[in-house]
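Take a look at the structure below.
Every number here is computed from the coordinates shown, using simple stated rules; none is lab data. Source: prediction; values computed, not measured. Methodologically, a virtual Cβ is constructed for each residue, glycine included, from the backbone with ideal geometry; neighbour enumeration extends over all protein chains shown.
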Amino acid sequence: MALPAKNLTAALLVLEDGRTFRGESFGAEGETFGEAVFSTGMSGYQETLTDPSYHRQVVVMTAPHVGNTGMNDEDVESSRIWVAGYVVRDPARVPSNWRSVRTLDDDLRDQGVVGISGVDTRALTRHLRERGAMRVGISTTETDPERLLARVLESGEMAGANLSEAVSTAEAYVVPAVGEKRFTVAAVDLGIKANTPRMMSERGIEVHVLPATASLEDVQAVSPDGLFFSNGPGDPAATTGQVELLQGALRAGIPYFGICFGNQLFGRALGFGTYKLKYGHRGINQPVMDRTTGKVEVTAHNHGFAVDAPLEGATTTEFGEVAVSHVCLNDDVVEGLELRDADGALRSFSVQYHPEAAAGPHDAAYLFDRFVDLMTSSTSGRKDA
Amino acid sequence: MPKRTDIQSVLVIGSGPIIIGQACEFDYSGTQACRVLRQEGLRVVLVNSNPATIMTDPEFADATYVEPITPEYVEKVIAKERPDALLATLGGQTALNCAMALDKAGVLEKYGVELIGASIEAIERGENRQQFKKIVEQLGGESAKSVICHSMDDLLAAADELGYPMVVRPSFTMGGTGSGMAYDEADLRRIGGSGLAASPTTEVLLEESIIGWKEYELEVMRDRADNSVIVCSIENLDPMGVHTGDSITVAPALTLTDREYQKMRDLAIAIIRAVGVDTGGCNIQYAVNPADGRLIVIEMNPRVSRSSALASKATGFPIAKIAAKVAIGYTLDEIQNDITRETPASFEPTLDYVVVKVPRFAFEKFPEADPTLTTHMKSVGEAMAIGRNFTEALQKSLRSLESKHAPFDWHKEFVELDKASLLEEIKVPHDGRLKKVMDAIRAGATPEEIFEATRIDPWFVDQLALINEVAVQLIDATELTPELLRLAKRHGFSDEQIGKIRGLSADVIRGVRHALGIRPVFKTVDTCAAEFAAQTPYHYSSYDEETEVQPRAEGKQAVIILGSGPNRIGQGIEFDYSCVHASLALAEAGYETIMVNCNPETVSTDYDTSDRLYFEPLTLEDVLEIVHAEQQAGPVAGVVCQLGGQTPLGLAQGLADAGVPIVGTTPEAIHLAEERGAFGRVLADAGLPAPKHGTATSYPQAQRIAHEIGYPVLVRPSYVLGGRGMEIVYDDAALEAYLEKYVANGLINERQPVLVDRFLDDAVEIDVDGLFDGEELFLGGVMEHIEEAGIHSGDSSCALPPITLGREEIERIRRSTEAIARGLGVRGLLNIQFALASDVLYVLEANPRASRTVPFVSKATATPLAKAAARVMLGESIAELRTAGVLPAEGDGGHLPDGSPIAVKEAVMPFDRFKTADGRTVDALLGPEMRSTGEVMGFDAVFGTAFAKAQAAAYGSLPLSGKVFVSVANRDKRHMIFPVKQIADMGFEILATAGTAEVLRRNGVESTVVRKQSEGEGPDGEKTIVGKILDREVDLVINTPHGATSGGSPRADGYEIRTAAVLTDIPCITTIQGLGAAVQGLEAMRRGDIGVRSLQDWARLAADSRTL
């Protein structure tokens, strides 16, 4: 009900447990289904919308005003909007920012993303918090909640979904190092955000972004100093190929750094399980403690699954000793893993959250430096040997 | 890192009296800090001269010193208490400056006191503009181009480099005192010159103009493990050029991309680290060029600020409380988030609502003052509102201001609006500009035109356009459909606004709305956008779907306490004090307490104060919805209306009409006291005299009354507050001029006649606060005004117990007070003003509510009057409260034990904040219209010492030697001789104008004759008295006004003299009674034995004397 103009198209939102919200159409008209999740960030909707990790998810924005700064050509994290649907309370009618070139509404329409506005997003968020993330449908064509609910129940579930290939690049590409090239990294794109290779390249890394289907041979073909697995959508338990690839790389002694989905796959490669969180972590205000330094960082999160690893003590694996390096202080969820060799030297690590930020605070950017340090010590070690 | 074990006691410095730029937000932060430190088992020693604060309640500290916040007095406290640490970052600039002075004087080192929070070096790095700029540049940030100046020559040279216009900012002044915009050399000489004088380091910064840029603020919190979080981002709707305190501000920032926001965030954290604020909160201000995003760091406050209070209320993250915890060693991850109780404080709050803060001004009190808004803060208060979107929050905030001019109004005919002139008017920021912007939109101005004129961000302009479109729909609709009504409510329209547009009353709209089931829901401020469940019921209304008000616990009854709204002159922190006390007392008595208020500066709007908090406008509509919601939640015993000042009192009748139970004094009794005729009958029945009076609507009528009762007369429009428009008139001509003025501006008309009272010239004015339960009167305190009659009681200094009244007179006062309380039917507090003239005790006024002086009386007599009042209102008797130990077992404030200390209250005036359009300071003269913003208390065994302390706390100490200038009106000449002779005998040099000098000489007092301002400088460049004052060649000024009326005749000399004294901070006494008190004060000071004593020690002494 943000726009007072008359004749707005009505829109209907139905959750899989039957709770219904009515609002107005926002973005494209039509019907869409996905997993309903809420995101608590107050800035960075453009980055959120274009984050491939949101593939097949309907994102509820808790911040009421969305679209105020329009859309620009620099802040996209991938080539398109990935969310399956968008729920906001008060969309901007007029964007205002010196970099804005289009409106959010235009982009949603152009890319066929169905949204709904004018709903009590707080009530919806509280519902998801209490009942957990669940399937949802949004429609501007259906007016009967019962009929829409039936279609919601027929739609696919997130648990068990393997979505990496759907969001990954089809062809490998290279992001050159800024300045002098120091390292080569093979980055497997499971839904990678543009800022990740950017932050690596700023540190003298030549990033070879490989498709999700890449094999160990493909990785080794670029003679990497390090291997990287990106963030991405889907259930880590439904993925086997990349886990095996990672295990092979670890056996080959290639230093590894993983983010988000890359953390979950690292956990699985090391023998831990993963599980689905009730309603996930999606926001840019999450406190995480780096247990190696005792420092708290405020971080960007976007994950519905987590690694099930013991918070205390190290676990011995065939690859070395694994410990939980980072923990979310809100709920003690595992937010990072590190693998050390018998001498206690760091071999590989990963985090569940987003040091590349975009959107979000830059507190965790040091992890890219840690990756550089890891590759530095590892290459010098190899040369010595 | 856990709590430090090497700190056992902490000295906390408060912020002193409420002044513009430093208000009760520091009571909120200080109270939080004291609470936290005591909970942590530390001994808390507090110094604050402001008796109206909650923090100076004896239960909030182990030793509470209501003493002046000057290095001399604070050193005495340190010497006595020997604290381990000093926490000075929670008491505003006053506390910070005092700490700096103590450090410079070597006091901290001498007594081994560690400054915690921010170090001296960090404070200097943060506040010294040059150092700060260097830090910003080293961190890769940008500052506005600027030049630092120490002399007029520097200023002029810098002007060539930067070009006009330029911003002039003196260093180390508070609330932007002395800063301004220079458009040409004359401006620069004037503003820069006084800036050099105002800065304690004679330092002024000139800056490139970034007027019209977007303005932002971030609140940062850091712990000693170097963890930093951003608590809140704030965006100013008014672009750069208007002081943040005078701007409409919004939280969170709404027009930034994540990249821009993160750039600010990175800089903020780098800055707090580089400046070296070890622990605690600070705020950093930024400007963004809307054309290209260029980001400039403006300044930082290395301490808790006004914005911190706003940010705390806006987010639910209690900055001062957390700052106190990190100051004593905790890290953020060790501190629990109070609201979720399951997550730590080491996070950044995220909002799923919009907060709007709007300033409240008092230009009507200073008609000569220039109402243009600049970088120099002029507002006296603020209101905050929360909504689920900007339009809702904005409209709620405007009605929270309680000014009928504040909310948008579509009543005016369209033809009255002229686009061109409106666009011209909105170019210059002023109070009420936003409404003019709305009018310009109505008049057809395009968003581009509005942006060009105001530089208000286009997104905000569109939101205003959106509000207007909804209004237009309301205007055009053939009928008010449920959809349209719902839409209007969703964008914050009040029933009254809708009613005005549709030609219906607010009551009718409310009835329709309720019939249709269109009611607000209440959401919760939870720090986390609902990611975690909130355990703290901190609510705001919104027209949304789902409400979050929880059912009341079994067997509990709720009491709803209505607060006092935004601070204004005449209604401020004193009323918040009473509301908070009521809440504490009623919680103790077993009620569930529910606070309603919209002032973000206050303790009452701390979610820790009451069981439930509703951050809502204090209008009938909003309060009725809260009552409804709470009645759904469980039983409500009633609503308390008599503690928050005139605001809730004004709602009492409407609430009662809607069937809401009002506890305490009934609306009928309130009406009885306010309606002159009815009140006259109450007095007549009790046989009590009032000054002769009458009412008139025209000059001939008024003249007839004046002649009948005799000049001088006190005239005032009816139905006004704080003595608005009140004047003392001595003759026909002045009376005619007065009526002409007020009839012309509409304050006097057929429905609102002028009240004409006999003015009791030589009377002693007396203020009384009492408590009545229907049977027994508890006389809280009897205060004797020090100034002559005719000065508003809020501006007058006073003494308690009264210094010249005998027991017999106090008994007469007691009998009269009881008769009035009984006659009106008071249940709770009442305040009466008496005048004692020629041995007749006249009743001037009675208010059946908590008064401004309740906290002063409570502190001076160690009796929690407001707490007792709350319990009386809910049915307990005074006898029961005596038994329960809430009130003393015997006696009352009229019978203080022998040896009780004397408390002197002094008012603090804001004259230095207001300039006329041509840049002169407004006249610093007291009159029947209240103009003070705050008060201090001097407390000691004898009057002279107490008075000297009050002066020191309000204006800086009286001088011990030097030159005293005397110039008094003829009628005062006889009374001045003796005190001036005493001053001369103390060794002061007396300066006087020729006439006064002659009178003094005839009485054996030698004086040096100085030139009057009207005489100009002498042939050899001899300075006039004004020149001497401006050059600080005078140490004390005694000047009583020569004219007969305030604001009437020009009285040029006196005006120039007093203004010069205000500008140079030289103590200036403007009444003969004040002179007598000052002489006693000087004597006490010269004896050199002024000590300090905590309230707790005074109470112990009193208890001992009772048992002896």
- Query: What is the set of long-range amide H partners of residue B:887 at a cut-off below 5 Å, with H atoms built 1.01 Å from backbone N?
  - Reply: B:882
- Note on the structure: Given A:304-313, B:362-371, the highest-first ranking by average Cβ count within 10 Å works out to B:362-371, A:304-313
- Query: Can you work out ³J(HN,Hα) from phi for every residue in the stretch B:537-546, in order, using Karplus 6.51 cos²θ - 1.76 cosθ + 1.60 and θ = phi - 60°, giving whole Hz and x for Gly and Pro?
  - Reply: x, 10, 10, 9, 8, 7, 8, 10, 8, 10
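Taking each residue of A:44-50 in turn, how many C-beta atoms of other protein chains fall within 10 Å of its C-beta, and what is the average? Before the final figure, lay out the partial values.
Working: counts 6, 2, 3, 3, 1, 0, 0.
For peptide A:44-50, the averaged partner shielding equals 2.
Show me B:277-283, A:332-338 ranked by packing, highest mean number of other Cβ atoms within 10 Å first. Don't skip to the answer; put the middle values down first.
On the way: B:277-283: 27.0, A:332-338: 23.4.
Highest-to-lowest ranking by the protection proxy: B:277-283, A:332-338.
State which entries of B:110/B:949; B:357/B:859; B:134/B:263 exceed 27 angstrom in Cα-Cα distance in the structure shown. If you can, show how the numbers build up before the last one.
Working: B:110/B:949 25 Å; B:357/B:859 32 Å; B:134/B:263 18 Å.
Result: B:357/B:859 exceed 27 Å.
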- Message: Please state the shape class of the stretch B:9-116: rounded when a/c is under 1.5, otherwise prolate if a/b exceeds b/c and oblate if not, all from the C-alpha gyration tensor.
- Response: oblate
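Calculate how many DSSP beta bridges within chain B are antiparallel, expressed in % of all such bridges and rounded to the nearest 5. The partial results should precede the final answer.
Values: 104 of 150 bridges.
Of all bridge pairs located within chain B, approximately 70 percent are antiparallel.
If you take each beta carbon of peptide B:521-534 and count the beta carbons of other chains within 10 angstrom, what is the mean? Could the numbers behind the result be given before it?
On the way: counts 3, 0, 4, 2, 0, 2, 1, 6, 14, 13, 17, 3, 3, 1.
What the average comes to for B:521-534 is 5.
Once you charge only the Cβ atoms, +1 for Lys and Arg and -1 for Asp and Glu, what is the size of the charge dipole of chain A about its Cα centre, to the nearest 20 debye?
It works out to roughly 600 debye.
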- Proximal lysines to residue B:1012, defined as alpha-carbon separation beneath 26 angstrom and excluding residues fewer than eight positions away on the same chain: B:915, B:963, B:973, B:981, B:1023, B:1028
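Which order results if A:292, B:255 are arranged by neighbouring Cβ count within 10 Å, fewest first? The partial results should precede the final answer.
Details: A:292 14, B:255 22.
Least to most surrounded, the residues fall as A:292, B:255.
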- Query: Which angle between 0 and 90 degrees, to the nearest 10, do you get for helix A:121-131 versus the longest principal axis of chain A when only C-alpha atoms count?
  - Reply: 60 degrees
- How long is chain B along each principal axis, judged by its Cα atoms, biggest number first, in Å? 78, 70, 68
- Task: Between the alpha-carbon centers of the stretch B:56-116 and the stretch B:1070-1108, tell me the distance in whole angstrom.
- Result: 21 Å
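Between residue B:845 and residue B:822, what length in nm is gained on full extension when 0.36 nm per residue of separation is reduced by their alpha carbon distance?
Numbers: separation 23, 0.36 × 23 = 8.28 nm, distance 1.53 nm.
That pair, residue B:845 and residue B:822, stretches by 6.8 nm at full extension.
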- Which of the lysines could a cross-linker span from residue B:325 if the Cα-Cα distance has to be under 24 Å and same-chain partners fewer than 8 positions apart are dropped? A:295, B:3, B:313
- Message: What does the charge count around residue B:738 come to, taking other residues whose C-beta lies under 14 Å from its C-beta (Lys +1, Arg +1, Asp -1, Glu -1)?
- Response: -4
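Kindly identify the stretch B:901-1017 as rounded, prolate or oblate by the Cα gyration tensor criterion: order the square roots of the eigenvalues as a ≥ b ≥ c, call it rounded if a/c is under 1.5, otherwise compare a/b with b/c, prolate if a/b is larger, else oblate.
Numbers: a/c = 2.11, a/b = 1.16, b/c = 1.81.
Here the stretch B:901-1017 falls in the oblate category.
So for each of A:86-94, A:12-20 I average, over its residues, the number of other beta carbons within 10 Å; can you give me the resulting order with the highest mean first?
Per-residue Cβ counts within 10 Å, averaged per peptide and sorted highest first, yield A:86-94, A:12-20.
If you take every DSSP beta bridge fully contained in the stretch A:10-154, what fraction is antiparallel? Give it as a percent rounded to 5.
On the way: 21 of 34 bridges.
Here the share of antiparallel DSSP bridges comes out near 60 percent.
Once you sort the root eigenvalues of the Cα gyration tensor of the stretch B:385-491 as a ≥ b ≥ c, which label holds: rounded (a/c under 1.5), prolate (a/b larger than b/c) or oblate (the other case)? Walk me through the intermediate numbers first.
Values: a/c = 1.65, a/b = 1.34, b/c = 1.23.
Prolate.
Using DSSP to define loop residues, name the chymotrypsin sites (Phe, Trp or Tyr not before Pro) in the stretch A:151-240 whose beta-carbon has at most 10 other beta-carbon atoms within 10 Å. Could you put the intermediate results ahead of the total?
Working: sites: A:173, A:183, A:228, A:229; in loops: none.
Nothing satisfies the criteria.
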- Task: Report, in degrees rounded to the nearest 10, the 0 to 90 angle that the Cα long axis of helix A:366-384 makes with the longest principal axis of chain A.
- Result: 30 degrees
- Item | For chain B, calculated [θ]222 nm from helices alone, where every DSSP H run of n ≥ 4 adds -39500 (n - 2.57) | -11500 deg cm²/dmol
- For residue B:427, list the aspartates and glutamates whose Cα falls under 12 Å from its own Cα; do not include residues on the same chain fewer than 8 positions away. B:238, B:449, B:452
- Task: Work out the mean other chain Cβ neighbour count within 10 Å for the residues of A:282-292 and drop it here as an integer.
- Result: 4
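Filter the trypsin sites (Lys or Arg not before Pro) in the stretch A:169-265 down to the DSSP loop ones having no more than 13 other Cβ atoms within 10 Å, then list what survives.
Working: sites: A:181, A:182, A:193, A:198, A:203, A:251; in loops: A:181, A:182, A:193, A:203.
Answer in residue order: A:181.
Using the Cα centre of the stretch B:692-759 as the reference point, and only Cβ charges (+1 on K/R, -1 on D/E), how large is the resulting charge dipole? Debye, rounded to the nearest 20. Walk me through the numbers on the way to the answer.
Numbers: 7 positive and 8 negative charges, 53 e Å.
With Lys and Arg at +1 and Asp and Glu at -1, about 260 debye.
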- Viscosity 0.890 mPa s, temperature 25 °C, Stokes-Einstein D of the stretch A:17-113 from Kirkwood C-alpha radius, µm²/s: 181 µm²/s
- Please report the orientation-averaged projected area of the stretch B:776-831, defined via the convex hull of its C-alpha atoms, in nm². 4.4 nm²
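Would you work out the charge dipole size for the protein assembly as shown about its Cα centre, treating the Cβ of every Lys and Arg as +1 and the Cβ of every Asp and Glu as -1, and quote it to the nearest 20 debye?
Working: 141 positive and 210 negative charges, 313 e Å.
About 1500 debye.
Above 15 angstrom, tally the Cα pairs of the stretch B:692-759 and express them as a % of all pairs, no decimals. Please report the intermediate quantities before stating the final value.
Working: 920 of 2278 pairs.
I get 40 percent for the Cα pairs in the stretch B:692-759 exceeding 15 Å.
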- Query: What does the helix-only formula give at 222 nm for chain A: each DSSP H stretch with n ≥ 4 adding -39500 (n - 2.57), the total divided by the residues, and the result rounded to the nearest 500 deg cm²/dmol?
  - Reply: -6500 deg cm²/dmol
- Note on the structure: Largest first and rounded to whole Å, the semi-axes √(5λ) derived from the alpha carbon gyration tensor of the stretch A:164-384 read 23, 19, 18
- Query: When the Cα centres of the stretch B:836-908 and the stretch A:278-339 are compared, how far apart do they sit, in Å?
  - Reply: 60 Å
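Full extension from residue B:761 to residue B:970: what is 0.36 nm times the residue separation minus their Cα-Cα distance, to one decimal in nm? The partial results should precede the final answer.
Numbers: separation 209, 0.36 × 209 = 75.24 nm, distance 1.53 nm.
Extra length from residue B:761 to residue B:970 when fully extended: 73.7 nm.
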- Principal axis lengths of the protein assembly as shown from Cα atoms, whole Å, largest first? 113, 72, 71
- May I ask for the distance between the Cα centers of the stretch A:174-225 and the stretch B:169-208, given as a whole number of Å? 56 Å
